[in-house]
Structure formats: structure tokens, C-alpha cells
Amino acid sequence: MKRTLAAVFLVVCLFPVVWAETALQQAEELYRQGKFSAALGIYETELKKAPNDPYLYYNIGNCYFKMGSKGLAAANYYRAFKLDPRDSDIRHNVTLALESGGERFIPTGIPAVLHKAFFYLSYAELKGLTFVFLWLFCTLGGIWLIKRKWGKLCLASAVILLLTSGWFYIRHTLEQQSLAVIASPVAEIRSGPGTNFPASASVAQGHLVTLQDSKDAWYEVIVKSQGIKGWVEQSAVEKI
Amino acid sequence: MRKTILCLLFLCFTVYAAGQVSVTAEVNKTSLALDDELTLSVEVKGASGNMLMPELPSLPAFNVYSREVQQSSINGKTTTLFRYIMLPRFVGKATIGAIRFTHNGKTYKTDPITVTVYRNAQGVQNTRSASTTAKTVSNGNYDSAAAVKKTVEKADPNLPPLERNLANQAYKRGDENFFLVAAVSNEKPYVNQPITLAVRFYYNRSFYDAPYQKPTVSNIFMEDAGSSEGTQSIGGVLYRYTEQRYQLTAASAGKATIGPATVRYMTGSIPLSPLDRLFGGSLVSAEETAQSAPITLNVRALPNEGRPKTFYGAVGTGYTISAEADHTQAEAGEAITLTVTVKGPGNLKATSDLETPVLDGFKIYPTQATSENAAGSKNQSYKIFKTVLVPSASGIYTVPSIKWSYFDPVSASYKTIHTDPITLTVSPSTKTESGFDFGAGKPGNGFQTLGRDIAYLKTSYAPGLSTLAKLSGWETLNWIMLCWLGISVFFASIGRKSLAQKKAYTKARGRLKKAQSDEAVAEAVSGYLQQKLKISTGSLPLRAIVESLQKRGVTPAAAESFSLLWQRLDTARFAPGAPDAQNAKELAQQALDILKLLEEETK
């Protein structure tokens, strides 16, 4: 009886793991058969269970890319990149998706090495690193204050903490920007939040925009690559 | 027997009757204006086989400008009608002499016909009111009912709508010599549905110098669709016409108007000779205008329901689509031209371009579209989409079926047609050395960049969060560490006080070494007690100071030594004698020894 119960318990515990692997395999099979829409459905279901999994965002981006929705693909690759910036596949795909929309992943004039270094750590990792240096500084500072020992170490930790905090501050500022991607094939940029305002430009899908304001079903945006400001229908934009 | 004879007689009579040839001549009117025209009809009954044209007499008073022959056969009897349209040249009575017709060596003659030519239509009206004779038949038959009663003819209902409409309009205006009619093939077309507009200029007499002004349109695209000429009998009168056709497509739903077409013409004969004018001939008339009635179309919008994604705007019936590749076997990097051809009625120029399917493994260049009318047809057009595909790698590829939808106005529904899939076999490139290169690859080094695509799927979940990322959640520890720092600062400030205590002895020793008087020694000892032991020597008696020292662990012996020193210092402070450096030095040394003892005992 005990053995039976143990077996049932084991099956119940392992079922979600086995099911999840099967779901990913199933999605991959569909992807290989060219049934991208069906594969996308599975990945999106899985994402509800693991909302911070960069690989799921990456796979969703792949499905959208193959379906021709370069804007939605870029948005999902960007989400994956924010969670796992060191993954070379993610970096490759986000670059390709943005380039297909006429955008540059690495801003003009910034060396690729510097960009890579700046985004070597994810936001959470950089935050953790800043905390670690804060704790180190506090420890050494306390020791120095009380015991008057390890003064140089304390000084070095203070300098490192200062640099890390600066890095973290810039990343935090970027993180606070409401970034979005044009998701509809073409979005019209108007001078006001409504179709009664004239359209000043049209932007193809895949272009990066920063959201400035919102009113009713409209976003005020700045197209990063063009520096154009205007209003776009919310349905045409995918927030990252 | 009698019956047989009767039958034979009847048969002989029939044969005789059939063999009889009769020739009659008639005119459509016996009085006419100078700018009017006269139709002379010569009817030959009973003559068949080869026959000559009737021999007209000399007609100096008329210009004959049109001849027509019609032949019919009823019950084996052939009737041939020769019709001449003539224009009078002079005012007054004119006689058409006997017309001769020769058949099988026998000559037949008609009676002469006299007509009166008036200068204008007013004279004709006056004559008609005075006489009921409108038609003269040379053999003496008189058909007044046919001449007076005018019935409007109707077009054959089996004719196409456009032809029927034109014919009916023409019948209504059959009493005019020149008129212009216009009609469309469909007055309620859908947006972008091709319809035909025909403008016909009818005339039954000569004219010259007739500039034509085509109709103006609104909300419609109009294209010339050719012109033609023909004849039509209206009310027994032969009219000639010139027709101009246009193909129309409405741009948007709602009302669309086709303005009137106009022809400005001058009637009459060519300018007359001076002799003609002398005998009453006239010059050409003033410029006159014929105008068609305007037409209003009710353009219907295309239904949104059921509109396929592959609908590019074509409206019509019977479209076809085909696709072909210029070659289905190619090397990697070799261009293949995919041609998609759409054929059908109407104007395909207005349709938007076909979306070429995305083909993995191919570099696809932008589609070039051309649109023309089909050769030899004004109503059929085609649109050709040419796309260059360059395979980047070897393999067997399939260009999928390409769908194309149109709206069928007959069934009022959308219909989708498609091409057949095309299989392309691509072999590896043999042009490695000087071959193609899409990107960074350097030809000749054995490496070629064939194209770029996204990286493949991730087949597992992402590894868990890194330690650093996990630490970002330990925000509470920040507060703990900051508290620790605060406490350290607090303790450090306390530590600074103990430092002062520690330094009290060193400070006192320095002062004692420099002391030159008893007061200086007293102040050094007093400062030490103040800094080290927090004992205020100014307000406390000696006994209280000793008790304080003993409380801090000073032994009674040391306390006694201190008491003796303090008394001596008191004496020096309150009853000073003559300054004695030697004495002060000894006192300083004694104080130093005692302070050292206190320092050791209070550690």
C-alpha cells in the first residue's frame, strides 16, 4: 500500500516536468514542419507557467519571425535579451529582427565591444552585483571604523561601489524607458491622438519607439531611429 | 378529270406568276426641304439569279450619296430592293425619270416620279397640310396609312443591354437627320467593375467638319476602347453611324456621372459652284450641335463580408491566373524568374500588386508588375508579375500555390483562383571561385556566406537565475548592512573618546617632562585625571578623588602615593614659594612615577 502511494506521489510530482518537456518537443516538431502558428500557441501557454524564461520569449520571437511578423518577433527577442543578454543566439536574432525593420541593435557610433560589456549582465544581475559591493563596503567600512584596519581595502571597495552604482544607475534609467516596437505592418504617425489629425509619417513594423504618453487608444511615441514624435494607435504597437 | 385540269391550270398560273418580274420605284417623300434628303427605293420582284443594277436616269437635281441592296425570298419569290439616298440640289420641281431594269434580256421601266424641293422646312409643312399625299407609288398603289402613322420601333430584346439601349434611343430620335446617343452596359456597377460606354453619332445625310468632344466624367476612370462605323435602318430610313467606345471603372461607391458627348457639324453639300448658286443652290448650313444625354451611374460598394486577404481589387468575371518559372533546375546563386500572369476582363491596372510568397532559402527581389490590354481585345487585359528568386543553397524547393481573388459581380461574391505549385531543383553552385556572395565571405577561401537567418529554437527551458540575479532580491540585507555601518560609525565615535583616554598619559608625560614649575606639574596631573579618569579635580576634595581612583581599580598603596603627591601639589598651587626648577623637576618625576602606576593599575 505504501509503495503504491509512493509511486502515485512520484507520478504526480514528475508529471508537470515530463509534460513540459513533451510540450516543448511538440512545439519544436510543429516548428520544423513549418506550422509556426501552432508552435507559437504552445510556447505562449508555457510562458504563462514560466513568465521569466528568456528561451520561451526567444522561441516565440522565432515563430513570429517565421510568420512574417518582424515587429512582434523583435519585441519578444528584446524581452529575451533583457533577461539573458549573454546568450549569443538571442543577440543574433534580436539584431537580425531589428535590422529587417531598418533599425540598428547597437546604436551608431558605439563599439560593439563596449555595447557587449555594458549589457554583459542582466539588469537583475547588475542589481545583485551592486548589492554585493554595497555589502562589502559596509563590512569593510565598519571594520575600519571600529578597528582601524584594512583601510585601503575599504577605500577600494568604495571606489568599486561607486563605479558599479553608476553603471547600475544608467541601466536603471534605460530600464525605466517605455520601449516598444511597431507591430502592425505599417503604422501611421499622426499629430494628435485621433484619426482626425493628419498623418505625418508612416513607420513599417520592427521600428523601435519610446512611449511618452497615452491617451484613449493612442500612444505618443518617438521613433528612435528617425527622431520623429507623434501619436500612434495602441493596437499598432507592442510594448517590450 | 375536271379536278386534274383545274390543278394543272392552277400550277400553270403559279409558274407564270412566279416567272413574272415587276419593277416599282417609290420615294419616301414628294416634298422636301433643300437640306433634307430623299430615299428612292426600287423594288424588283420575281427576278432571281444574276441581275444587273437598275439603270438610273440622269439626276441633275440630286446628289446620290448612298446605295444599298437588300434581297429577300418568300415562298420562292425573290424580292430585291435597291435603295438610293439623295440630296436635292435645287429648289423647285424635280423629276426622277423612268428607271430601267434589264433581266433575262427583257427591260422593265418604272414611272417617273416628281418631287418638290422647298428652300426650307416651312414650305414643306405648308404643302403637307394642303395635300395628304405623302407617298407615291409608281404603279399607282397608294398607302397613306403607312406614311402618316408613325410607330416607334423597339430593339430586339435578345440584343446585349448596351446594343439594345443604343438602338432604342436611336429609334426614339429617328425623325432627326443627325443625333448623338450614349449608353452604358451597366448603370449599377460595382466599384472597379469595368463597364462599356458607347457614344454613337447617327446621320442620314452628308456633313463635314464635325469635331467630336468626348464626355466628361466624375468619379470614373475612362479609357478609349476603339471606334467603329455601321448602318442601321430607323423607321425605314437608312442611317449611318460612327461609334466611339470607352471602358469605364468607377473609383468609389456612390453617384458617378457621365456628361454629354458633343459633335459639332455642318450640313449640306460641299460649297457650290457659282452656276449652282445662280439656280437657287445654297451653301452649307451654319454649325449645328448634336449632344447625348448625360448618364448617372449608381456605383455599388464591394461587400466587406467574405473578402479574402488575397483580394487586390479586381472585379469582373472569368479571371485566370498562371505561374511559371523560366527554368526549374538551377544552381545555387543562379537567378530564376517567376512570372505570374493574371488575365481577365476590365482594367487590371487599378489592382494592387500581388504579394509574393516568402520562400525560405531564397533571396527574393521586389516584384515588377506590368499591365496591358490583351492583344486583339479591348475588354480583356492582363497583369504580369515578375519576381527574381535566387536560391542560396542546393535542395528541392516548392514555390507554393499563389492565390488571387476577385469579386464576381454576377454572383455578387468573391472568388479565389490559384496557381499550381512549382518545384524547383537547385544544385550546388559550380561557381565557387568567382561566384556569388551575399555578405562577408571572401570568394576563393572556401567559405561563402549564403544568407542570414535567425538562429534555431531553444529546445529546453532557460537555466535558473544566476547567483547575482538571485542576490538582487536580497534587499533586506542592504538595510542590515547599512545598519551595521551606522553602528560602526557610532562605536567609532565612542572609540575616539577611549583614544583620548589612552592618549591622556602620553600627553601628561610630555607636559611633565617640560614642566618648569610646580603649577605646571599640578596642571599636567590634573589634566590626566580629567582625560583619563573623568575626574574633575577642581570641584572634588582629595578624599573623593581617591575614592574615584579606588573605584577604577587603583590599589590603596597607589592611592596613598597619589594622596601624598596631590597634597604636595596643592601646597605648591595654593602656597607657592620661590620658583625652583630643580624642585619642580623632582616633583614632575614623582608625578610621572605615580601616573605610570595609575596607568598600569587602571588598564
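Here A:Trp150, B:Trp404 are placed in order of increasing Cβ neighbour count within 10 Å, fewest first, which gives A:Trp150, B:Trp404.
How many angstrom separate the Cα center of the range A:128-177 from the Cα center of the range B:527-603? The two parts, judged by their Cα centres, are 50 Å apart. What FRET efficiency comes out for the pair B:Asn304/B:Asn186, r = Cβ-Cβ distance, R0 = 22 Å, nearest 0.05? Computed FRET efficiency for B:Asn304 and B:Asn186: 0.50.
Work from the charge dipole of chain A (Cβ charges, +1 for Lys and Arg, -1 for Asp and Glu, about the Cα centre) and give the residue of A:Tyr169, A:Ile240, A:Leu179 farthest towards its positive end. Selected residue: A:Tyr169. Lysine pairs in the range B:497-601 whose alpha-carbon atoms fall under 19 angstrom of each other, counting only those eight or more residues apart or on distinct chains, come to 28.
Compute, for the range B:160-235, the length of the dipole vector about the Cα centre, with Cβ point charges of +1 (Lys, Arg) and -1 (Asp, Glu) only. Units Debye, rounded to 20. Provide the component values of the computation, followed by the final result.
Numbers: 7 positive and 8 negative charges, 43 e Å.
Dipole magnitude for the range B:160-235 comes out near 200 debye.
Each of B:Phe82, B:Phe490 has some number of other Cβ atoms within 10 Å of its Cβ, and from fewest to most they run B:Phe490, B:Phe82.
Kindly state, to the nearest 0.05, the FRET efficiency for B:Glu176 paired with B:Glu324, given R0 = 41 Å and r defined as their beta-carbon distance.
Between B:Glu176 and B:Glu324 the formula returns 0.15.
Rounded to the nearest 20, the size of the Cβ-charge dipole of the range A:85-165 about its Cα centre is 680 debye, with Lys and Arg at +1 and Asp and Glu at -1.
Between B:Lys349 and A:Leu114, the modelled labels are 5.5 nm apart [label points 7 Å from Cα along Cα→Cβ]. The residues B:Cys483, A:Cys63, A:Cys138, A:Cys154, when put in order of fewest to most other Cβ atoms within 10 Å, stand as B:Cys483, A:Cys154, A:Cys138, A:Cys63. Peptide A:87-93 is shielded by partner chain Cβ atoms: per residue, an average of 3 of them sit within 10 Å of its Cβ. Between B:Lys415 and B:Ala121, the simple label model (points 7 Å from Cα in the Cβ direction) yields a spacing of 5.0 nm.
Candidate cross-link partners of B:Lys45 among the lysines, defined by an alpha-carbon separation under 23 Å and a same-chain spacing of 8 or more, comprise B:Lys29, B:Lys77, B:Lys106, B:Lys109, B:Lys135.
Annotation: lysines with alpha-carbon distance below 26 angstrom to A:Lys229 (same-chain offsets under eight excluded): A:Lys70, A:Lys82, A:Lys215, A:Lys239. Between the listed residues A:Cys138, A:Gln226, A:Gly194, the Cα displaced farthest toward the positive end of the dipole of chain A, a dipole computed from Cβ unit charges relative to the Cα centre, is found at A:Cys138.
Phi angles across the range B:396-402 convert, under the Karplus curve 6.51 cos²θ - 1.76 cosθ + 1.60 with θ = phi - 60°, into 3J(HN,Hα) values of 10, 10, 10, 7, x, 4, 9 Hz, Gly and Pro given as x. Restricting to lysines 8 or more places apart or on different chains, can you count the pairs in the range B:311-427 with Cα atoms under 16 Å from each other? Lysine pairs, 8 or more places apart or on different chains, close enough: 12.
Each of B:Glu547 and B:Thr102 was given a label point 7 Å from its Cα along the Cα-to-Cβ line. The distance between the two points is 18.2 nm.
Membrane-span-like helices in chain A, defined purely by DSSP H runs whose alpha carbon atoms cover 24 Å or more axially and whose average Kyte-Doolittle hydropathy reaches 0.0, are A:2-32, A:123-147, A:151-176.
FYI, it's all coordinate maths here, none of it is from the lab. Being a predicted model, the structure only gives us computed values, none of them experimental. So basically every Cβ, Gly included, is an ideal-geometry build from the backbone, and we count neighbours across all protein chains shown.
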